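Here is the structure we will look at, set down as structure tokens.
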Amino acid sequence: MIPPDLAFSWRWPSLSDVMLHVASEVISTFRQYRQTELQQERGGLLFVRTDDARGLVLARATGPHRADRATRYSLDLDPGRCSHDIKEANRKGLRLIGHWHTHAEAHPNPSTQDLDAFRDFGARYTDLLAWPLAVIVGTSLTDEGVRAWSIRAEGALAALRE
């Protein structure tokens, strides 16, 4: 049984079965900012709590910011906002793990543009990230509406939801 503060877990079998537990609060943020057909993409940063006895916990997802540059099909997070959010999260014992954004499709997959953006993000925060977590939130309310990937040198490794 999943504890009430956790929504589910993602697992990467090809990464020695790495498991990432997802806090219910994070899913609430994703639901709040889900993109509809006519809206611009939205997104934010993802932070983990590393001191939880249950393992690695995705504990916080920041929401969109007015300084982000967004269109219906792209999102560029404002670097100043990112720096501020990272400092605030670090003060609370959270660590940057990646970022998330929305797609106006039911079951999202990363585009080539997305993969480039996630890799650029990882390179920008290389002192904080080895391989960024990429989450894309689609329009579907099913399990397939929120998907995650580990962005690696060899490509994007999809997570399995448990």
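The values are calculated or read from the model by the stated rules, or taken from the named source; none is laboratory data. This one's a predicted model, so the numbers in the text were calculated from it and none came from an experiment. Note: ideal-geometry Cβ built from the backbone for every residue, glycine included; neighbour counts use all protein chains shown.
Among the residues of the range 14-68, those identified as of a type in the set (Lys, Arg), assigned to a loop (DSSP other than H, G, I, E, B) and in contact with a strand residue (DSSP E or B) (Cβ under 8 Å, 6 or more places away or on another chain) are ARG34, ARG42, ARG54.
Kindly establish whether ASP78 is of a type in the set (Asp, Glu), within 15 Å of VAL48 (Cα to Cα) and at pLDDT 95 or above. Here the answer is no, as ASP78 does not meet what is asked. With respect to the conditions (1) touching a Lys or Arg at 6+ places or on another chain (Cβ under 7 Å); (2) closer than 22 Å to GLN39 by Cα; (3) surrounded by 21 or more Cβ atoms within 10 Å (Cβ to Cβ), ALA104 falls short on a single one, namely (3). State yes or no: is GLU144 assigned to a helix (DSSP H, G or I), free of Cβ contacts under 8 Å to residues at least 24 places away in the same chain and either out of contact with any Lys or Arg (no Cβ under 9 Å at 6 or more places or on another chain) or loosely packed, with under 13 Cβ neighbours inside 10 Å (or both)? The answer is no for GLU144. Picking from residues in the range 84-101 that are crowded, with 19+ Cβ neighbours inside 10 Å and either under 22 Å from LEU141 (Cα atoms) or polar (S, T, N, Q) (or both), the one that is farthest from the chain's Cα centre (by Cα) is HIS101.
The single condition from (1) of a type in the set (Val, Ile, Thr); (2) touching a Phe, Trp or Tyr at 6+ places or on another chain (Cβ under 9 Å); (3) more than 10 Å from GLY98 (Cα to Cα); (4) touching a residue at least 40 places away in the same chain (Cβ under 8 Å) that ILE136 fails is (4).
Exactly one residue out of GLY122, GLY63 is within 14 Å of the chain's Cα centre (by Cα), at pLDDT below 90 and small (Gly, Ala, Ser), and it is GLY122. If you go through the range 13-51 one residue at a time, how many are free of Cβ contacts under 8 Å to residues at least 40 places away in the same chain, out of contact with any Phe, Trp or Tyr (no Cβ under 6 Å at 6 or more places or on another chain) and among the β-branched types (Val, Ile, Thr)? Result for the range 13-51: 2. The set of residues from the range 28-51 being surrounded by 14 or more Cβ atoms within 10 Å (Cβ to Cβ), under 26 Å from LYS87 (Cβ atoms) and not polar (S, T, N, Q) comprises PHE30, TYR33, GLU41, ARG42, GLY43, GLY44, LEU45, LEU46, PHE47, VAL48, ARG49. Only residues that are without any contact (Cβ under 8 Å) to a residue 24 or more places away in the chain and surrounded by 14 or more Cβ atoms within 10 Å (Cβ to Cβ) were counted across the range 52-83, and they come to 3.
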